[in-house]
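The values are calculated or read from the model by the stated rules, or taken from the named source; none is laboratory data. The structure displayed is predicted, hence computed values, not measured ones. Note: ideal-geometry Cβ built from the backbone for every residue, glycine included; neighbour counts use all protein chains shown. Heavy atoms of the whole protein, side chains included, go into the accessibility calculation; ligands, DNA and RNA do not. Shrake-Rupley method; radii C 1.70, N 1.55, O 1.52, S 1.80 Å.
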Amino acid sequence: MKKFVILGLSLLSLACLITSCNGKDDSKPIFTVVFNGQEKVENDTISVEGITLITEPTEPKTDYFNFAGWYKEKECINQWNFNTDKVDAPITLYAKWVIAGTYTVSFSTKKGIAPESYTVDCGSKIQKPEPTDEDFYLFGWYKDASFMFPWDFENDRVTEDITLYARWKSKIAGYAYYGAELYSKQSFKYGRFEAKMKMSYAPGCVSSMFLYYDLSDTDRDTIWNEIDIEVLGKDSTKIQTNIINGNRKNRITSEQVYASGLGLNLDYHTYVIEWTPDYIAWYLDGVEMRRTTPANDEIGQMETLVKDESLRFNVWSDKSTEWVGKINPNKIPTAQYIDYVKVYSYNTETKKFTESWTDDFDTFDSNRWGKGNWDIGQVVLEPKNVTVEDGKLVLRITKETIYAVY
């Protein structure tokens, strides 16, 4: 009995040996596959059994470059075909990357010589241009015309077509000056425009209320339409009224000065502009200061006022000392205060005004008003200089000492 058991075990061992020798064992070699991201993304590693196809991994992504396939060598010459190529040894596959595109960098500057536009690869940094101007120095470059988001030349990279906007500061008398402007987002063709205001007053400065066709200063040939009330820095008792037409290349003005006998910066007064097809009239506290009609319009300005105009208020400084006096930094800051604004529409058939809206400035209505952010005369308009305080809209001229100019 024992002989049969021993013989059976021997035959089983022999059968196992024969099976192994005939290659019918289930064990397979293990191969490592490395996906090398070429320093753009992290490397990844997988293991596979035996000679086999592999599944293409999820497409890697990185800033500034587009993925262009997996390759058999670092130089990315022969692409791996996941449908036909099989792993038969440990391998490394290399990611190929191509630049995501080229983009145009442009520069907007109203002073100095604007740098020329040029193209760069996606993800490139750009070198800071340094335009110069006799009366201003470059404050910085911004991503937006509102000067809210500065461009960081150390860290920001180009990922689309961009325009950078230059912001300037004045070099006058060791100070940078900042003005303020409020403008209506609505434009008007005729109407009655009323504001109760305490005007700003300082030598060299202008405090105003006016109607203005918004595209008047865009180029030398665009039509200019403007109707003004201005208190000038040479005399706080006088009001200058004005109509401007023509164009940037050849502006035509008709200035008239009204002596109020009042210190217009000392108290609130009511200012009105009435604009109709038949006349333009200016009022102070209900007293007519000036009336222009087709009959007394010797240079034909009224017939050229054909554009819708926005309602605006600003404080700024002009370079013409003959017009406004020489700016005195000791009188800065100064402010113009607006208690309310009323706007009336005009019916050309009934020849009557109808009140459209009133703003008492309990808050700042950003749907109705915008804030200037460009340069004018010898100031840069600063949106922060337009505020609402205690039910008044305040426009300020401020200054900043310049310790060094580079």
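Hey, can you find the accessible area per residue of the chain for me, probe 1.4 Å, expressed in square angstrom?
55 Å²
Any idea what angle helix 2-21 forms with the longest principal axis of the chain, computed on alpha-carbon atoms, 0 to 90 degrees, nearest 10?
Approximately 50 degrees, to the nearest 10.
Among rounded, prolate and oblate, which fits region 268-363 when a ≥ b ≥ c are the square roots of the eigenvalues of its C-alpha gyration tensor, a/c under 1.5 means rounded, and a/b larger than b/c means prolate?
oblate
Order of 60-66, 392-398 by packing, highest average Cβ count within 10 Å first? Before the final figure, lay out the partial values.
Details: 60-66: 14.7, 392-398: 22.7.
My ranking of the peptides, most packed first, is 392-398, 60-66.
Filter the trypsin sites (Lys or Arg not before Pro) in region 195-263 to those in DSSP coil with at most 11 other Cβ atoms within 10 Å of their Cβ, and list the result.
Sparse-neighbourhood loop trypsin sites (Lys or Arg not before Pro): Arg220, Lys249.
Do any GluC sites (Glu not before Pro) in region 268-319 lie in a DSSP loop with no more than 12 other beta carbon atoms within 10 Å, and if so, which? Show your work: numbers first, answer last.
On the way: sites: Glu274, Glu288, Glu298, Glu303, Glu309; in loops: Glu298.
When the GluC sites (Glu not before Pro) of region 268-319 are filtered for loop state and at most 12 Cβ neighbours within 10 Å, Glu298 remain.
In whole percent, how big is the carbon plus sulfur part of the accessible area of the chain, probe 1.4 Å, protein atoms only?
Carbon and sulfur atoms account for 47 percent of the accessible area of the chain.
Pick out which of Cys76, Cys205, Cys122 has the largest mean-square fluctuation in a Gaussian network model of the chain, springs linking Cα atoms closer than 10 Å.
Checking each option, the largest mean-square fluctuation is seen for Cys76.
How far is the Cα center of region 174-216 from the Cα center of region 266-329, in Å?
If we compute the Cα centre of each part, the gap is 11 Å.
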